[in-house]
1. Given the criteria assigned by TED's automatic domain parsing to the domain that holds Pro469 and farther than 30 Å from Asp365 by Cβ, does Glu215 qualify?
2. Please go through the range 306-337 and give me each residue that is in contact with a helix residue (DSSP H, G or I) (Cβ under 7 Å, 6 or more places away or on another chain) and outside any loop (DSSP other than H, G, I, E, B), ordered by number.
3. Do we have any residue at all in the range 236-253 that's within 20 Å of Leu514 (Cβ to Cβ) and in the same structural domain as His193 (by TED's automatic domain parsing)?
4. Got a sec? Which of Leu404, Leu389 is touching a residue at least 12 places away in the same chain (Cβ under 8 Å), touching a Gly at 6+ places or on another chain (Cβ under 7 Å) and over 22 Å from Pro478 (Cα atoms)?
5. Being hydrophobic (A, V, I, L, M, F, W, C) and in a loop (DSSP other than H, G, I, E, B), is that true of even one residue in the range 236-243?
6. Hey, Glu432 hits all of (1) touching a Phe, Trp or Tyr at 6+ places or on another chain (Cβ under 9 Å); (2) in a helix (DSSP H, G or I); (3) in contact (Cβ under 8 Å) with a residue 60 or more places away in the chain; (4) crowded, with 21+ Cβ neighbours inside 10 Å but one; which does it fall short on?
7. Hey, can you tell me all the residues within the range 561-580 that are buried (at least 22 other Cβ atoms within 10 Å of the Cβ), at pLDDT 95 or above and not in a loop (DSSP other than H, G, I, E, B)?
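The values are calculated or read from the model by the stated rules, or taken from the named source; none is laboratory data. All of these numbers come straight from a predicted model, not from anything done at the bench. Note: ideal-geometry Cβ built from the backbone for every residue, glycine included; neighbour counts use all protein chains shown.
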Amino acid sequence: MNCRESEDVETRHISRRKLLGLGVKASGLLMGGSLVKSAAVAAVDSEPRMLLKNGLIVDGEGKKPFTGNVLIKGATIEDVSEGPVNVECPALDCTGKVIAPGFIDAHSHMDWILPLQGHDELKSPFIAQGCTTFVAGNCGFGIAGFRKPSEYKKQLTPGLFPSSELTWDTMAEYYAHLRSIGSSHNLANFAGHGTIRASMRGLNPSPLTGDEMKELLSLLEQAMEEGAAGVSLGLQYAPGIFATADEIKGVAQLVKKKDKVLAVHGRAYSSLSSEYEIKLIGPPHNLLALQEMIGVARQTGVSLQYSHLMFAGTSSHKTYKQCLDAIDAAIAEGIDIKTDSYPYHCGNSVLSVLMPKWFRENLPDNYHNPEALKRLETELMALSSLVGLGYADIQITSAGHADLSRYDGMFLSEIAAARETTPFKTYIEFAEKSGTRDTRVLLHSYSNMEIIDALTQHPACLFMTDALPGKENRNPAPYGAFPLFLQYARERKLIPLEQAIRKMTGATADRFHLKNRGYLKKGMAADVTVFDWASVKDNTTIVEFDRAPTGIETVFMNGKCVLRDGKVDSPAHAGQVLSI
């Protein structure tokens, strides 16, 4: 049934027929078989109410759950109570179910999908897993805040929808676009350092001049003044990979001045990386990258969100304790640092992330330089052998070029075999043909269950999807990340229910200064997810990556019911821009 439709309550007497017209099952609208009636006759109320009754309330604060009721009035929560709520309105019986705040995706790239009209198949899976809010614009790859005008603007768009055009430049213009067409979700957005920098000078690897640095900081500040949640850096991606220590420090100081968050994709997530001197003895490079940003936070006092703590390659898996110890030590020192993670062994990225800085500094020429190609091939072979991340772990999700799109979903090693060529030549062809759009990939061997358990339990780790779905998406995260976190918490007894919910709601809202979100409290926005704690689970597999989860039953977003009985009301457009 369509539960998006609602009707004003004109009188305190509502017939069974009218209740059915609300699109919610009649059996759930009745309390004990009859309508609840208040002691006094009330005046007509212009805002419709909905009572979620007899559910297990997990309010986002981390407190012990209690059985109670949540009363929604219009777009807000009117009351949360353990006792009976004396109001006459439609009701949904949540006996045996959990009533929680809508889940917040702490690291997303959905800022590129929400402005596309239609494409509900890319947005609905997040609602189906209980997610109501995205924190997007991550990894330096933001969608707005650009120089106006910019000759490089066409290079900034991803290759998922080549026909789409960015009709905005500033963050304010982007937000206005979303408001004009409606949004499937709430959105808080970072200003992307990489794309804003690229709007000024493309992928030029040389250091910024003094005037360019002033312009960059001015554009970032304008984006934050127009509502951005902070700034994101992508230090493994061009042009973020070219940023000097002084440039990074300057950006961090600005974010600190604006009292916002600096989200960082670090320079390395594997034990060995071409961004550091290769030594067989010494600290792992992913630890060096983490410590680099901890140092920036120490110097500037900025709130640091170290994005998607992952451990690329099987040889990197053993380093997770060192990285968590470094985070714990920084917190003990008084540094404001948190991280985030997904519950899968694979993650979303782009093909160029495996290219060292020296190779990217001279593109596209290096694609036809025999010496550079030989050196790159040797380095990739060595890193594959030493790190445990090779061509068989690189799955193409969107090739970014019409001639190669037939290989979407295949691994590089499989593509090379099918074409009777080497994996390295295949890698180079995909990288060159996709150009600035960059081939999108899913990298496997990012973690193991021991790491997932540790991150799920760690108090500084929030939950997220890191998803940017596309036409040939092979990433399970848009379909089952939050149900899988809950499933692991329950089955593996990692953390209690209330802590799992806090990590994906209240703690995330606090971290990114999302006012009015993340909690079941009077006066808060009515973002609510109702699920079955006993049965909630992820149903995706490595083959059937797009299966809907079990146990997520009802979702309200700003008071509108956007999912009922596991069915999504795709065109609801119930989301809001969350200007920070």
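1. no
2. Of everything in the range 306-337, those that are in contact with a helix residue (DSSP H, G or I) (Cβ under 7 Å, 6 or more places away or on another chain) and outside any loop (DSSP other than H, G, I, E, B) turn out to be Tyr306, Ser315, Ser316, His317, Thr319, Tyr320, Gln322, Cys323, Leu324, Ala326, Ala330, Ile337.
3. Scanning the range 236-253, I find no residue that is within 20 Å of Leu514 (Cβ to Cβ) and in the same structural domain as His193 (by TED's automatic domain parsing), so the answer is no.
4. Of the residues listed, the single one that is touching a residue at least 12 places away in the same chain (Cβ under 8 Å), touching a Gly at 6+ places or on another chain (Cβ under 7 Å) and over 22 Å from Pro478 (Cα atoms) is Leu389.
5. yes
6. Against the list (1) touching a Phe, Trp or Tyr at 6+ places or on another chain (Cβ under 9 Å); (2) in a helix (DSSP H, G or I); (3) in contact (Cβ under 8 Å) with a residue 60 or more places away in the chain; (4) crowded, with 21+ Cβ neighbours inside 10 Å, Glu432 comes up short only on (4).
7. Scanning the range 561-580 gives Cys561, Val562, Leu563.
Rundown of residues vs (1) on the phi < 0 side of the Ramachandran plot; (2) in the same structural domain as Met310 (by TED's automatic domain parsing); (3) of a type in the set (D, E, K, R); (4) under 15 Å from the mean Cα position of the chain (by Cα), yes/no style:
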residue	(1), (2), (3), (4)
Asp466	no, yes, yes, yes
Gly470	yes, yes, no, yes
Arg474	yes, yes, yes, no
Tyr479	yes, yes, no, yes
Phe482	yes, yes, no, yes
Gln487	yes, yes, no, no
Glu491	yes, yes, yes, no
Glu498	yes, yes, yes, no
Arg502	yes, yes, yes, no
